[in-house]
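Chemist: Questions regarding the structure given below will be posed in turn.
The values are calculated or read from the model by the stated rules, or taken from the named source; none is laboratory data. Model, not experiment: these values are computed from the prediction. Methodologically, a virtual Cβ is constructed for each residue, glycine included, from the backbone with ideal geometry; neighbour enumeration extends over all protein chains shown. To get the accessible areas, we keep the full protein, side chains included, count just its heavy atoms, and leave off ligands, DNA and RNA. Shrake-Rupley method; radii C 1.70, N 1.55, O 1.52, S 1.80 Å.
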Amino acid sequence: MSFSKEDFIEGFVSETQEHIDAVNNGIIQLKSNPANRELLSEILRELHTIKGTGRMMGYPVIESLSHGLEDVFKGIREEKYELTDHIVQLTFRTSDCMQRVLQKITEDGSDEINISEYIDTFKKASSGLFFTTDNLDIDLYDDGEEEALLLDERDETLENITSIRIDINRINEIVRSFDNLIIRQFRFKHQLEEFEERLSALEGNAVHELPKQLKEDLLQTETAIFDTQHQLLNLRMLPLDMVLTPLRKEVESDSFKLKKNIEFDIPKTEFLLDKSVLENLKGILLHLIRNSIDHGIETPDERKAAGKTDRGHISVFAQQNSNHIIIYVIDDGRGIQYEKVRAKAIELFPNDKKEIEGMSHKELEQYLYISGLTTTEKATELSGRGVGLDVVRTDMEKIKGRIKIKSKENEGTTFELTIPLSLATQQGLFVHTGNMKLMIPSNYIAEIANVEEKDITVIQGQSYLSLHNQLVPLYFLSSIIGGEQNKITSAVIVVEYLETQIAVVADSIDQYETVVVNPLPPVMQKLEAIQGVVYDENYAIIPILNIPDIMRRLRRLLAYDMKKYQIKNRKHDFTVLVIDDSATTRQIEQTIFEADGYIVETATDGIEALDILKTKHVDAIITDIKMPRMDGIVFLSNLRRMSEFDSIPVVVVSGVYDPETKEKFFNAGAQAFIVKSEFQRGNLLQAVKELLGE
């Protein structure tokens, strides 16, 4: 199955525009210094990248334009002719043409225009013949008058433009600056409160009160600041339909492959989610829907035998609850076959057989999220590797979401996803443990329990809280945060993740707040137990606990602990290193591998790749040929000279097919060679799987 280029058009257009700008800047500098071979190489590299990415995305016009201009500059490099003003003008005309084509791609997804005049001019120029650029006009609409009219209308109505495009990084910079403004506002408010307390202690309180107008101005300023903050954060929001609508095509395609008759219901929504949430959500929903198609929905014959209609049904719908979206993925298939899950769990955990035999269906569900666990006897094109729900769990943790399963055998399964609207804000409970103030995100809090000593039971050294006729493991936060383990207090918070609950004891509970999340400072980047930080009015850092990681740490003593299994028995997670100077190409290849359960590292050239290899284990490498600083062949030669890396399989993904180049790479130690024009998800994955022995 080929990748869907629609998902990458925006990134492709943006990246190609950057490469076009680089070519224009390069030709201006080269005109002033024609002998600068480094500048010439840089222009060729930029054109080669445009050509390769255009070929991978399936835009032959972009590919032909960049290829033709590349031939012209190769003639200069080979000293067939010198750089002339005509070549400079040809470069600018070609750049203008590419930009117009990018505009057409943005508008209708196509680059189908007539560039025959350009092709003829490239041939003349690269042969050293006389040429002119006077005839190089591009008509996007096959009607010059219509195009001119359209452009005139755009010029005349410029003042009526009501929207602009803005890079998401610029919005993030504004949000960060605004966060600092909020912190200063908090501090100002805190100082005024202290000042007012001091005034009230003086004689003649009425005389020394803060002016009423000052208080009102502060309140209005506070309201305006939070209003503006809300609007700023909304700039990063995109429609949920951007993810939901394309899923219908996936269902039709996948059900056809498995010869299943499936009706897919997905109503329109008006919900908006943060771009970073949507990026992960697409893969999550795709995994769940494919799980329903492959494992849930029966074949028409099986459904008839079960007394059902031969047509299966999968539906996806969403509803909003406060600052979260709840998405349901529902099928009317065979449901989870819990006894098969139990048998598979016993097979994987023979030492825990007795405990697994006594587990409820809810307790068994945690095994579904283990990589390698599958109840399917026969693998299919869609699944069978046992990694689907493990990927869902990992991606849900990335977006701070929760997942629940409701299933009844022979009636169907419902996956319930609770997802934050934005990762920029977080609701949560502030607690104190020792001398630390911490925040527990609200989406993991099941309840706050009133606990007495009589409610605590100790079994084999583990404390349990008796709650609603169930025993919930109980831990002190101080056991991992640091500090003394005090007696049980009223500050007992029950947190829940993947249908599993634990109770955590803090010294005290402060308040419930909605806050803006800040990324971890560099010094805290490796602390997996913390998902972000907020700042108080005194600039003190308050960590936001990563509850899934906290639960894994605290539950290590439990007999059926999932982390213990993952460390000792989990199937090896393969890591792939993708090396390409094109961001679009890196994104496409990263998406392909991550969707299949691989861990992916990326680098822009050979030097960055070698730096990554020094610190991280890599099982396979995908590399481009032409890259800045260190190209593919130099990188491969360096790699094979290092004994610790000489056995890592390398796949070359090239923008052009050249038998000599291919032989050169194989002689240097590459194991596979894929041309971008023939690039598909399947052949790249298959090449890597074969090399890794999967």
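Chemist: Please pick out the residue among 593, 666, 635 that is of a type in the set (Phe, Trp, Tyr), over 26 Å from residue 394 (Cα atoms) and open to solvent by less than 50 Å² (accessible area, probe 1.4 Å).
Modeler: Working: 593 fails: over 26 Å from residue 394 (Cα atoms); 666 fails: open to solvent by less than 50 Å² (accessible area, probe 1.4 Å).
Result of the check over 593, 666, 635: 635.
Chemist: Now, a different point. Only residues that are more than 24 Å from residue 57 (Cα to Cα) and open to solvent by less than 20 Å² (accessible area, probe 1.4 Å): list them for region 92-125, please.
Modeler: 121, 125
Chemist: Suppose we filter region 326-335 for residues that are assigned to a strand (DSSP E or B) and either modelled with pLDDT under 90 or open to solvent by 20 Å² or more (accessible area, probe 1.4 Å) (or both); how many remain?
Modeler: Matching residues across region 326-335 total 2.
Chemist: Where in region 420-519 are there strands (runs of 3 or more DSSP E), lying wholly inside it, with at least 2 residues that are touching a strand residue (DSSP E or B) at 6+ places or on another chain (Cβ under 7 Å), more than 19 Å from residue 554 (Cα to Cα) and modelled with pLDDT of 80 or more?
Modeler: Qualifying strands (runs of 3 or more DSSP E): 425-433, 508-516.
Chemist: I'd like to know if region 658-667 contains one or more residues that are β-branched (Val, Ile, Thr), part of a helix (DSSP H, G or I) and out of contact with any strand residue (DSSP E or B) (no Cβ under 8 Å at 6 or more places or on another chain).
Modeler: No; the residues of region 658-667 include none that is β-branched (Val, Ile, Thr), part of a helix (DSSP H, G or I) and out of contact with any strand residue (DSSP E or B) (no Cβ under 8 Å at 6 or more places or on another chain).
Chemist: Hey, another quick one. Determine whether region 126-140 contains at least one residue that is open to solvent by less than 20 Å² (accessible area, probe 1.4 Å) and part of a helix (DSSP H, G or I).
Modeler: no
Chemist: Same structure, new question: Does region 639-663 hold any residues that are in contact with a helix residue (DSSP H, G or I) (Cβ under 8 Å, 6 or more places away or on another chain), buried (at least 16 other Cβ atoms within 10 Å of the Cβ) and not aliphatic (A, V, I, L, M), and which are they?
Modeler: 640, 645, 649, 654, 655, listed by residue number.
Chemist: A further question follows. What is the one condition in (1) touching a residue at least 40 places away in the same chain (Cβ under 8 Å); (2) part of a helix (DSSP H, G or I); (3) of a type in the set (Val, Ile, Thr) that residue 341 does not satisfy?
Modeler: It fails just one condition, (1).
Chemist: For region 344-396, name all the residues that are of a type in the set (Phe, Trp, Tyr), touching a Phe, Trp or Tyr at 6+ places or on another chain (Cβ under 9 Å) and either at pLDDT below 75 or assigned to a helix (DSSP H, G or I) (or both).
Modeler: Across region 344-396, the qualifying residue is only 367.
Residues are listed down the side, and each one gets a yes or a no for (1) part of a helix (DSSP H, G or I); (2) within 38 Å of the chain's Cα centre (by Cα):
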site	(1), (2)
61	yes, yes
80	no, no
87	yes, no
90	yes, no
102	yes, yes
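Chemist: Oh, and also: Step by step: first the residues of region 239-296, then only those that are of a type in the set (A, V, I, L, M) and over 23 Å from residue 592 (Cα atoms), then the one that is most open to solvent (accessible area, probe 1.4 Å). Which residue is that?
Modeler: Step by step, filter region 239-296, then rank; the result is 272.
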